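Undergrad: I'd like to ask some things about the structure below.
The values are calculated or read from the model by the stated rules, or taken from the named source; none is laboratory data. Note that the structure is a prediction, hence the values are computed from the model and not measured. Ideal geometry is used to build each Cβ from the backbone, glycine not excepted, and the neighbour counts take in all protein chains shown. Calculation scope for accessible area: heavy atoms of the full protein, side chains included, ligands and nucleic acids excluded. Shrake-Rupley method; radii C 1.70, N 1.55, O 1.52, S 1.80 Å.
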Amino acid sequence: MVRFVALSRPEAAAYLERFLGETPQALARTVELAASLDGPRPGIFDLSAASLDPLWGWAAPLLSWRDGYTPPAPGEPGGRVPLDVLEPEDELPSWFDPVVPGWARWSAESLSLIDGLARYLGETLVREVPTARWVAGHARARGYMYQNHPVVTGLPVDDSEPMASVAVIASRVLLPTPGPRTLGDLFHTWT
């Protein structure tokens with residue numbers, strides 16, 4: 001498992017290269033899953049902004065918490081998931097960092113789906129916004145949340161971390177709270 005906070009800048013750059021190398025396979029896995037579960041037809045996966053909400057509409061009902069996880073009451077912080085209940089590292093997305101709050105509450109299947117959706121959103125941003133590109137997040141500001149994470153930069157807003165953002169909107173499917181609710185909402189907020 002990666003621990004983003006512990007990575008040096010060269011290690012973060014090497015991880016970003018690995019992440020980008022995994023992306024075609026993650027996107028293909030998402031397309032295959034959609035085809036096997038009566039999702040959008042493969043032709044809709046064209047990395048356009050218009051494809052985001054049909055993809056989300058299909059995927060959202062598939063999301064689930066990890067067995068044994070009980071979501072917090074509204075306004076309360078979520079409990080931590082013990083590391084000993086996690087799947088083996090090779091069954092989790094390479095970006096899974098156990099110290100990032102909230103990622104361990106998802107089932108392995110949902111994490112895989114979040115992985116595909118987040119990479120799809122990131123690639124859509126890179127394709128649709130001429131200045132957008134993936135980078136290893138870096139800021140001198142103390143407490144920068146996405147230090148060393150793969151982020152999309154060059155957007156009209158600050159750097160955006162698709163995996164964390166997709167996990168947030170996924171949680172809004174199961175535990176409704178205010179804010180963006182779909183991949184399209186994220187895209188439009190960031191662009």
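Undergrad: Just to check your reading of the model, which residue among Gly122, Gly102 is within 24 Å of Asp53 (Cβ to Cβ) and open to solvent by 20 Å² or more (accessible area, probe 1.4 Å)? Break it down stepwise before answering.
TA: Numbers: Gly122 fails: open to solvent by 20 Å² or more (accessible area, probe 1.4 Å).
Selected residue: Gly102, the only one of Gly122, Gly102 that is within 24 Å of Asp53 (Cβ to Cβ) and open to solvent by 20 Å² or more (accessible area, probe 1.4 Å).
A quick yes/no check of all residues on (1) in a loop (DSSP other than H, G, I, E, B); (2) open to solvent by less than 20 Å² (accessible area, probe 1.4 Å):
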residue	(1), (2)
Leu117	no, yes
His138	yes, no
Val157	yes, no
Ala164	no, yes
Gly179	yes, no
Thr189	no, no
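Undergrad: If you don't mind, there's one more thing I want to ask. Of all residues in the stretch 21-32, which are within 11 Å of Ser94 (Cβ to Cβ) and either among the charged types (D, E, K, R) or touching a residue at least 24 places away in the same chain (Cβ under 8 Å) (or both)?
TA: Once the filter is applied, which keeps residues that are within 11 Å of Ser94 (Cβ to Cβ) and either among the charged types (D, E, K, R) or touching a residue at least 24 places away in the same chain (Cβ under 8 Å) (or both), the stretch 21-32 yields Glu22, Thr23, Ala26.
Undergrad: Determine the pairs where a residue that is touching a residue at least 40 places away in the same chain (Cβ under 8 Å), located within the stretch 118-135, has a partner that is acidic (Asp, Glu) and in a helix (DSSP H, G or I) with Cβ atoms under 9 Å apart, the partner being 6 or more residues away or on another chain.
TA: Arg119/Glu22; Trp134/Glu123
Undergrad: Quickly run through the stretch 1-13 and pick out the residues that are farther than 21 Å from Ala108 by Cα and open to solvent by 60 Å² or more (accessible area, probe 1.4 Å).
TA: Residues of the stretch 1-13 farther than 21 Å from Ala108 by Cα: 5-13.
If the condition is that a residue be farther than 21 Å from Ala108 by Cα and open to solvent by 60 Å² or more (accessible area, probe 1.4 Å), then Val5, Ala6, Arg9, Pro10, Glu11 are the ones that fit.
Undergrad: Considering every residue within the stretch 166-180, establish whether at least one is at pLDDT 95 or above, at positive phi and of a type outside the set (A, V, I, L, M, F, W, C).
TA: Checked against the condition, which is being at pLDDT 95 or above, at positive phi and of a type outside the set (A, V, I, L, M, F, W, C), the stretch 166-180 yields no hits at all.
Undergrad: Can we say Asp53 is in a helix (DSSP H, G or I), open to solvent by 40 Å² or more (accessible area, probe 1.4 Å), within 28 Å of Trp134 (Cα to Cα) and touching a residue at least 40 places away in the same chain (Cβ under 8 Å)?
TA: Yes.
Undergrad: Six or more apart or on different chains, Cβ atoms under 8 Å: show the pairs whose first residue is in the stretch 66-79 and under 25 Å from Ala108 (Cβ atoms) and in contact (Cβ under 8 Å) with a residue 12 or more places away in the chain and whose second is assigned to a loop (DSSP other than H, G, I, E, B) and open to solvent by 90 Å² or more (accessible area, probe 1.4 Å).
TA: Sorted first by the residue in the stretch 66-79, then by its partner, the pairs are Gly78/Pro101.
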